[in-house]
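The values are calculated or read from the model by the stated rules, or taken from the named source; none is laboratory data. Quantities reported herein were computed from a predicted structural model and do not represent experimental measurements. Heads up, the Cβs are rebuilt from the backbone with ideal geometry, glycines too, and the neighbour counts pull from every protein chain shown. Heads up: the accessible areas ignore ligands, DNA and RNA and are worked out on the full protein's heavy atoms, side chains in. Shrake-Rupley method; radii C 1.70, N 1.55, O 1.52, S 1.80 Å.
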Amino acid sequence: MSANSAAFDHVAGFRWRQGDPTLADAEARLCDLGLLRSVLEEVVELTVTDARADGVTWARIGDALGVTHQAVIKRYGKGGGL
């Protein structure tokens with residue numbers, strides 16, 4: 001099993017809003033995914049800060065996140081998301 005498919009299986013298991021009678025099933029899943037995405041983004045920001053403090057280069061952070069080092073600097077560097 002790949003890391004992506006394992007992660008997808010975990011995400012598919014989250015059911016915070018499922019069963020809420022005021023929401024359609026797809027809407028409940030979207031609410032859950034929106035919350036999960038916001039939590040994950042916060043954790044990524046904190047981890048990028050930790051990685052930089054440990055001397056990890058922007059290029060290696062970009063590789064780990066699957067984006068270019070320029071994209072990482074733009075989002076998390078000075079003047080970016082942090």
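The residues in segment 1-53 that are open to solvent by 90 Å² or more (accessible area, probe 1.4 Å), in contact with a helix residue (DSSP H, G or I) (Cβ under 6 Å, 6 or more places away or on another chain) and not charged (D, E, K, R) can be counted, and the count is 1.
What number of residues within segment 11-28 are part of a loop (DSSP other than H, G, I, E, B) and among the β-branched types (V, I, T)? Of the residues in that region, 1 qualify.
Could you count how many residues in segment 57-82 are surrounded by 14 or more Cβ atoms within 10 Å (Cβ to Cβ) and outside any helix (DSSP H, G or I)? Of the residues in that region, 1 qualify.
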